[in-house]
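The values are calculated or read from the model by the stated rules, or taken from the named source; none is laboratory data. Everything numeric in this text was worked out from a predicted model, so none of it was measured. Cβ coordinates were reconstructed from backbone atoms using ideal geometry, including for glycine residues, and neighbour counts include every protein chain displayed.
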Amino acid sequence: MSKTLTTRPGGTVAAVRTGSIAADLAWQPGDRLVSLNGHVLRDVIDYRFYQADDQVEAVVDHGSHVRTYVIRKDPDEDLGVEFSDGLFDRLRTCRNDCPFCFLKGLPQGLRRTLYLKDDDYRYSFLFGNFITLTNLSEEDWRRLAEQRLSPLYVSVHATDLSTRRRLLGNPSAPDVVEQIRRLGRMGIRVHTQVVLVPPVNTGEVLGRTVADLAALYPTVQSIGIVPVGLTRVNSELRSLTAAEAMEVVSAHRSWRLAFRRTLPVSLVYLGDELFLRSGTPVPGARYYEGFPQLENGIGLVRSMLDDWSRVKRRVRWSSLPSSPISLVCGTLAAPILARVAGEWNAVAPGPCRVVAVRNRLFGETVTVSGLLAAQDVVAALSEKEGEGTVFLPQAMFDASGRVTLDDATLEDLEKAVSRPMRVGATMRDVVEALLRGS
């Protein structure tokens, strides 16, 4: 999701849907949709918002000429274009200097988009990216009020202002509680996260943060608590210990019980790593109440285990090939996948093994599968003899599913280890790939 400053207004059309209004008007990929009803388009959000009318005046730059179209349509009818990027102007970058920022000290040669410190409220609305609300102008607030961009995903970390400013490395960061209240008055809902950086925002500070955010329900729809992920360059910080993780698990149980007495939801949800690090069993699906922060690593393990349970019941195991398979993962998920592999080997004709990859690129304190680099996967597979198809976690690739953190493709990995490779997010993906024979 990279962005550069465009010198021409509007958005570049990447595709025109067959049978759409745009197709009837002979719009083509490469055209630029400049404005709708006099509003110059800044992003795909403007496109969606300003086309929702029964009459739309569209200005299109066809390259050789610019033409204005007056279009009568149903307000819910889409014009039928897709864009090469969600944003048509410059990405809003981060003004903070968080000591735990993952981008600090990134080695060269990684995927280009990793070096962008985005903090853009539009990406929060479009893709669920977490933002800090520290770079909003009054014009941004007016737009939020006009278009009601809801929900947004906000990194809070601490509601105590001095603590939050310390965690953000930003002495002028505004009061996030007041900002969330302002969003609530606009009718905008918020999902919040707290990244735990011991001992700065644990203990009493965490308790106050949870209480302050809970008081903002229903504007605050969820509070996700996740441990800080540190690379080898964050030497001045430390991760949660197993005992500290257990303290958080215990405290959050009492918070949830209290909230359930006054609210329709439990509101607070812990990241998977807190359960795994503390040695606490991962809770069932009911705990997650619809999985409001699944992309934040809150409920991924439960989702995977439940998917595996369904697969076990429904697959005809004799129809699978007898060739071996390997499941690649980070060291955090390895014990869970080892259990899955054991159950697989009890019923499947072909053996399954787990390859836990140590993260040498960022440091072995980084244990999640989503931050695995191709070079570390190749090293792990080369250390052990093996054959058959290798299944890689989808989370280690970019949004397109094609490129790893260190800018390698699936084909690059296959060449490096001389084994067929596939990408999957669930065990269902693994089974379906084997049944297809691909």
Practice item. Scan region 93-102 and give yes if some residue there is at pLDDT below 90 and of a type in the set (S, T, N, Q), otherwise no. Key: yes
Practice item. Look at region 257-285 and say how many of its residues are of a type in the set (Lys, Arg) and surrounded by 19 or more Cβ atoms within 10 Å (Cβ to Cβ). Key: 1
Check your understanding: What single numbered condition from (1) surrounded by fewer than 15 Cβ atoms within 10 Å (Cβ to Cβ); (2) in contact with a Gly (Cβ under 8 Å, 6 or more places away or on another chain); (3) not β-branched (Val, Ile, Thr) fails to hold for ARG72?
Key -> (2)
Exercise for review: Show the residue pairs that are 6+ apart or on different chains and have beta-carbon atoms under 8 Å apart, the first residue being within region 198-209 and in contact (Cβ under 8 Å) with a residue 12 or more places away in the chain and assigned by TED's automatic domain parsing to the domain that holds SER250, the second being of a type in the set (Ser, Thr, Tyr) and assigned to a helix (DSSP H, G or I).
Suggested key: VAL200/THR163; ASN201/THR163; ASN201/THR209; VAL205/THR163
Check your understanding: Just checking, how many residues over region 102-158 are among the small types (Gly, Ala, Ser) and touching a strand residue (DSSP E or B) at 6+ places or on another chain (Cβ under 9 Å)?
Key -> 5
Practice item. Considering only region 26-61, state which residues are buried (at least 17 other Cβ atoms within 10 Å of the Cβ) and part of a loop (DSSP other than H, G, I, E, B). Key: TRP27, ASP31, LEU41, ARG42, GLN51
Point to revise | So VAL430, is it on the phi < 0 side of the Ramachandran plot, in contact with a strand residue (DSSP E or B) (Cβ under 8 Å, 6 or more places away or on another chain) and not in a helix (DSSP H, G or I) | key: no
Check your understanding: List pairs: first in region 87-111 and part of a loop (DSSP other than H, G, I, E, B), second surrounded by fewer than 12 Cβ atoms within 10 Å (Cβ to Cβ), Cβ under 8 Å, 6+ apart or cross-chain?
Key -> ASP89/LEU5; ARG90/THR4; ARG90/LEU5; PRO99/GLU236; LEU103/TYR115; LEU106/TYR115
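Here is a yes/no grid of residues against (1) touching a residue at least 24 places away in the same chain (Cβ under 8 Å); (2) assigned to a strand (DSSP E or B):
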position	(1), (2)
GLY290	no, no
ASP306	no, no
LEU327	yes, yes
ASP376	no, no
ALA379	no, no
GLU387	yes, no
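Would it be correct to say that VAL44 is in contact with a Gly (Cβ under 9 Å, 6 or more places away or on another chain) and not assigned by TED's automatic domain parsing to the domain that holds LEU168? It would help to see each step written out before you state the result.
Working: in contact with a Gly (Cβ under 9 Å, 6 or more places away or on another chain): yes; not assigned by TED's automatic domain parsing to the domain that holds LEU168: yes.
Answer is yes for this residue.
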Revision key, fill the gap. Reported set for region 119-175 where residues are surrounded by fewer than 18 Cβ atoms within 10 Å (Cβ to Cβ), over 13 Å from MET186 (Cβ atoms) and among the small types (Gly, Ala, Ser) is GLY128, SER137, SER162, GLY169, SER172
Point to revise | Every residue from region 337-360 that is out of contact with any helix residue (DSSP H, G or I) (no Cβ under 6 Å at 6 or more places or on another chain) and hydrophobic (A, V, I, L, M, F, W, C) | key: LEU337, ALA338, ALA341, TRP344, ALA346
Review point. Does LEU183 fit the bill of being closer than 30 Å to TYR47 by Cβ, of a type in the set (A, V, I, L, M, F, W, C) and without any contact (Cβ under 8 Å) to a residue 40 or more places away in the chain?
Key: yes
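Does ILE223 satisfy being assigned to a helix (DSSP H, G or I) and either crowded, with 21+ Cβ neighbours inside 10 Å or not assigned by TED's automatic domain parsing to the domain that holds PHE291 (or both)?
no
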Point to revise | Check on SER254, buried (at least 20 other Cβ atoms within 10 Å of the Cβ), over 24 Å from VAL390 (Cβ atoms) and at pLDDT 95 or above | key: no
Review point. Just a yes or no: is a residue in region 339-357 in a helix (DSSP H, G or I), modelled with pLDDT under 95 and touching a Lys or Arg at 6+ places or on another chain (Cβ under 9 Å)?
Key: yes
Practice item. Could you tell me whether any residue of region 398-406 is among the charged types (D, E, K, R), outside any strand (DSSP E or B) and more than 21 Å from the chain's Cα centre (by Cα)? Key: no
